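Each remark here refers to the structure printed beneath this line.
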Amino acid sequence: MSAPAPIAIIGGGPCGLTFARLLSRAGINYVVFERDDSPEPQDHHSGGTLDLHTTTGIAALDAAGLRAEFENFARYEAAVFTVQDAQGGNRYRADAEGDEEQRPEIDRVQLRKILLDSVPAERVKWGKTLESISRGEGGGKGAKRWVLKFKDGSEESGFRMVVGCDGASSAVRPLITPAKPQYSGKTYIEGRISPSNPQYVAAQDLVGPGNSAAMGAGRALLLQQMSDRSYRAYIGIEESDTSLTRPGGILDFATDIETSRTALLERYYADWAPHLRAFIEDAEAPFRVWPLYTLDVEAFAPEAQWTRAPGVTLLGDAAHVTLPNGEGVNLAMLDALKLFEALTAELGGDDGDDDDAVERAIVAYEADMRTRAQAHIEDGIQMCGMMFQADGAEKMIAFFKSFEDAAKAQAS
């Protein structure tokens with residue numbers, strides 16, 4: 001009897017690698033196709049820090065047998081969040097003390113390394129950016145006829161399942177839904193505050209080991225501490241004209257940092273408190289422009305029928321990209337766990353090559369995922385929208401206090 005065909009995992013981010021690790025533990029064959037040229041961190045995915053949640057991201061790590069590795073990097077002291085308005089008023093500090101669920105922070109690059117180190121090196125193919133996926137000629141049920149075409153000119157086929165973990169610009173998604181992420185009208189410009197920066201002590205005083213957010217009408221400023229004790233600064237603006245950050249635009253940080261910084265301060269932050277403007281004035285390169293995109297929540301309504309592409313499904317941002325709300329990576333890793341559980345339940349504990357079982361697993365997984373995705377997108381739009389409102393700080397504080405009040409009521 002020939003060995004079952006491998007599962008193709010498109011993308012080696014947190015959800016793709018979590019799924020790969022779970023498959024490894026179950027003895028199920030797979031291959032990961034990753035666009036990066038090597039395991040070394042790349043600018044586009046090194047990212048900042050994130051908090052993992054007990055019932056989602058941490059639950060997936062537990063199932064993957066990686067809790068001990070996570071604890072080596074987890075920063076429980078970083079579960080603090082400071083809020084203020086654009087003038088430094090309405091300042092409030094929330095922490096996880098007394099919460100049932102602790103939400104430790106970990107650098108994105110550290111999480112990726114934990115996951116990558118947990119799968120056999122030969123299972124990951126580097127430098128593989130998926131360009132398209134199409135139905136090939138010939139026989140075969142399920143996913144076996146799907147042909148993966150990569151930008152390097154190579155093709156791959158003969159898989160029992162194709163799992164799109166390839167992010168917001170997924171090349172797999174169009175097989176399943178015509179929905180496309182839309183620009184939200186909001187953009188972040190990311191910079192750094194190193195220990196030698198003139199504003200470093202101010203960042204320590206304001207943010208400490210966690211995160212902070214200052215909010216004003218159409219603007220936001222977020223700071224977060226990394227594991228090396230440096231800070232990332234995310235300077236957020238509401239701006240429908242995306243050409244401003246492109247080559248030749250007034251916010252073309254890739255070409256002229258200081259001219260762009262001046263335009264940013266004068267056009268968007270002239271009326272902000274001096275202590276907040278100072279973080280923008282002294283933020284360091286490298287700068288990254290990050291336009292925020294989201295899928296429309298209507299794409300997940302019950303009447304929005306997804307096409308069943310046999311043997312194909314989506315995880316993470318490929319399935320439900322939305323605006324930042326603290327849940328993105330957590331839900332992506334939960335997707336991986338839920339798909340794995342559905343698959344192994346249908347396979348009956350072995351690695352039999354049953355196309356019908358794979359299809360049943362995908363249908364069951366997507367029914368659950370789409371419900372979660374709809375709530376996730378709604379929450380992202382609401383949460384991110386709040387941060388750019390004139391009274392966003394007041395609303396955010398009320399949000400945190402509602403949880404505190406609920407915890408006190410439960411304790412009593």
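The values are calculated or read from the model by the stated rules, or taken from the named source; none is laboratory data. Given the structure is predicted, the values throughout are model-derived calculations rather than measurements. Glycine also receives a Cβ, built like all others from the backbone with ideal geometry; neighbour counts cover every protein chain displayed.
Pick out the one residue from S194, S227 that is out of contact with any Gly (no Cβ under 9 Å at 6 or more places or on another chain), farther than 26 Å from M396 by Cβ and touching a residue at least 60 places away in the same chain (Cβ under 8 Å).
Sole residue among the options that is out of contact with any Gly (no Cβ under 9 Å at 6 or more places or on another chain), farther than 26 Å from M396 by Cβ and touching a residue at least 60 places away in the same chain (Cβ under 8 Å): S194.
In region 306-319, how many are of a type outside the set (S, T, Y), modelled with pLDDT of 95 or more and within 15 Å of A373 (Cα to Cα)?
Here the count works out to 6.
P181 - would you say it is more than 30 Å from P274 (Cα to Cα), at pLDDT 95 or above and under 24 Å from the mean Cα position of the chain (by Cα)?
yes
So, in region 3-61, exactly how many residues are touching a Leu at 6+ places or on another chain (Cβ under 9 Å), over 13 Å from V163 (Cα atoms) and outside any loop (DSSP other than H, G, I, E, B)?
10
When you scan region 260-269, do you find a residue that is farther than 30 Å from D356 by Cβ and small (G, A, S), even just one?
yes
Looking only at region 282-304, decide whether some residue is within 30 Å of L23 (Cα to Cα) and of a type in the set (S, T, Y).
Yes - at least one qualifying residue is present in region 282-304.
Restricting attention to region 258-276, which residues are among the hydrophobic types (A, V, I, L, M, F, W, C), surrounded by 13 or more Cβ atoms within 10 Å (Cβ to Cβ) and more than 27 Å from the chain's Cα centre (by Cα)?
Those that are among the hydrophobic types (A, V, I, L, M, F, W, C), surrounded by 13 or more Cβ atoms within 10 Å (Cβ to Cβ) and more than 27 Å from the chain's Cα centre (by Cα): A263, L265, W272, A273.
Would you kindly identify the strands (runs of 3 or more DSSP E) lying entirely within region 178-244 that contain at least 1 residues that are of a type in the set (D, E)?
182-193, 231-238
Can you confirm whether T322 is in the same structural domain as R370 (by TED's automatic domain parsing), assigned to a strand (DSSP E or B) and either of a type in the set (S, T, N, Q) or closer than 15 Å to T187 by Cα (or both)?
Taking the combined requirement at face value, the residue does not satisfy it.
Name the residue, out of A213, A233, A220, A202, that is aliphatic (A, V, I, L, M) and more than 22 Å from the chain's Cα centre (by Cα).
A202
Considering only residues that are aliphatic (A, V, I, L, M) and either at pLDDT below 95 or in contact with a strand residue (DSSP E or B) (Cβ under 8 Å, 6 or more places away or on another chain) (or both), which ones fall in region 61-102?
Once the filter is applied, which keeps residues that are aliphatic (A, V, I, L, M) and either at pLDDT below 95 or in contact with a strand residue (DSSP E or B) (Cβ under 8 Å, 6 or more places away or on another chain) (or both), region 61-102 yields A74, A78, A79, V80, V83, A86, A94, A96.
Among R145, R112, R160, which is surrounded by fewer than 22 Cβ atoms within 10 Å (Cβ to Cβ), touching a Pro at 6+ places or on another chain (Cβ under 7 Å), in the same structural domain as M369 (by TED's automatic domain parsing) and of a type outside the set (A, V, I, L, M, F, W, C)?
Just one listed residue meets the conditions, R112.
Could you please tell me which pairs satisfy a Cβ distance under 6 Å, a separation of 6+ or placement on different chains, a first residue in region 309-320 that is crowded, with 24+ Cβ neighbours inside 10 Å, and a second residue that is among the polar types (S, T, N, Q)?
Pairs that qualify, where the first residue is crowded, with 24+ Cβ neighbours inside 10 Å and the partner is among the polar types (S, T, N, Q), are A318/S170.
Taking region 121-177 on its own, how many of its residues are part of a loop (DSSP other than H, G, I, E, B) and at negative phi?
Number satisfying all stated conditions: 21.
Run down E404, E341 and say which single residue is at pLDDT 95 or above and surrounded by fewer than 17 Cβ atoms within 10 Å (Cβ to Cβ).
E341
Would you confirm whether any residue within region 103-123 is under 30 Å from R308 (Cα atoms), modelled with pLDDT under 95, in contact with an Asp or Glu (Cβ under 7 Å, 6 or more places away or on another chain) and of a type in the set (D, E, K, R)?
no
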